[in-house]
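Let me begin by presenting the structure, written as structure tokens, before commenting on it.
The values are calculated or read from the model by the stated rules, or taken from the named source; none is laboratory data. As the structure is a computational prediction, the values presented were derived from the model and not from experiment. Cβ atoms come from the backbone with ideal geometry, glycine included; neighbour counts cover every protein chain shown. Accessible surface is based on the protein model in full, side chains and every heavy atom, while ligands, DNA and RNA are left aside. Shrake-Rupley method; radii C 1.70, N 1.55, O 1.52, S 1.80 Å.
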Amino acid sequence: TPILLHGAGGCGKTSLLSMCAAKSLEWLAHVKPILCIRFVGTSPESTALTPLLTSICHQISYNYMLPFEDIPHDLVPLTAHLKELLNNVTPQMPLLFFLDSVDQ
């Protein structure tokens, strides 16, 4: 279930997101959660959509032991590939996304 944190700059959204990411390992200790944490806009790779999605695809592929060479370089096939990768998520290995500053 998505959770959206919204508030004025400096109110603690990033801190709360980071705390939730850390605590999720405790909350889901009965399974092996995969955390995909991105602080958007903090590096050149996280500012543009294609490198950001490529990075996420690499992490998912690594954690679910899937091939890297299938990851496309263009945005449209990349988004389709990401959707396909999400089919590998299981209840025993849930995937949690923590994306900060998606408005960036």
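Under a 1.4 Å probe, what is the accessible area of the chain per residue, stated in Å²? Write out the running numbers ahead of the final one.
On the way: 6990 Å² over 104 residues.
With the other protein chains kept in place, the chain gives 67 Å² per residue.
Would you kindly derive the ³J(HN,Hα) couplings of segment 71-83 from the backbone phi angles with the Karplus curve 6.51 cos²θ - 1.76 cosθ + 1.60 (θ = phi - 60°), listing them in order in whole Hz, with x for Gly and Pro?
6, x, 9, 9, 4, 5, x, 5, 5, 5, 5, 4, 4
Work out from phi, with θ = phi - 60° and the Karplus expression 6.51 cos²θ - 1.76 cosθ + 1.60, the ³J(HN,Hα) of each residue of segment 34-50, listed in order in whole Hz, and give x for Gly and Pro.
Once rounded to whole Hz, the list reads 9, 9, 10, 10, 9, 9, 5, x, 8, 8, x, 5, 9, 8, 8, 5, 4.
Give me, ordered by chain and number, the residues 5 or more places off residue 34 or on other chains with an amide H under 5 Å from its own placed amide H.
95, 96
Would any residue of segment 64-104 have its amide N under 13 Å from a label point 7 Å out along Cα→Cβ of residue 11? List them or say none.
none
If I model a spin label at residue 86 and residue 30 as a point 7 Å from the Cα along the Cα→Cβ vector, what separation in nanometres do I get?
Label at residue 86, label at residue 30, 2.5 nm between them.
Can you give the extra length, in nm with one decimal, that the chain gains between residue 42 and residue 69 once fully stretched, where that is 0.36 nm per residue apart less the Cα-Cα distance? All intermediate terms of the calculation are to be shown ahead of the outcome.
Details: separation 27, 0.36 × 27 = 9.72 nm, distance 2.64 nm.
Full extension of this stretch gives 7.1 nm more.
How large, in percent, is the carbon and sulfur part of the accessible surface of the chain at a probe radius of 1.4 Å?
Details: 4390 of 6990 Å².
The C+S portion of the solvent-accessible surface of the chain is 63 percent.
Read through the labelled values [x] 38; [y] 27; [z] 19 and report the label of the one computed as percent of Cα pairs over 24 Å apart from the structure.
Label of the calculated value: [y].
Order of 52-65, 20-33 by packing, highest average Cβ count within 10 Å first? Intermediate results must be reported in sequence, preceding the final value.
Details: 52-65: 16.4, 20-33: 11.8.
Highest to lowest by the protection proxy: 52-65, 20-33.
Please report the relative contact order for the chain, taking Cα pairs under 8 Å with a sequence separation of at least 6, and give it as a percent rounded to a whole number.
Values: 92 pairs, mean separation 38.6, N = 104.
It rounds to 37 percent for the chain.
Sorting check: for 69-78, 6-15, which peptide has the highest mean count of neighbouring beta carbons within 10 Å, and how do the rest follow? Spell out each step's value before the answer.
On the way: 69-78: 11.9, 6-15: 10.0.
My ranking of the peptides, most packed first, is 69-78, 6-15.
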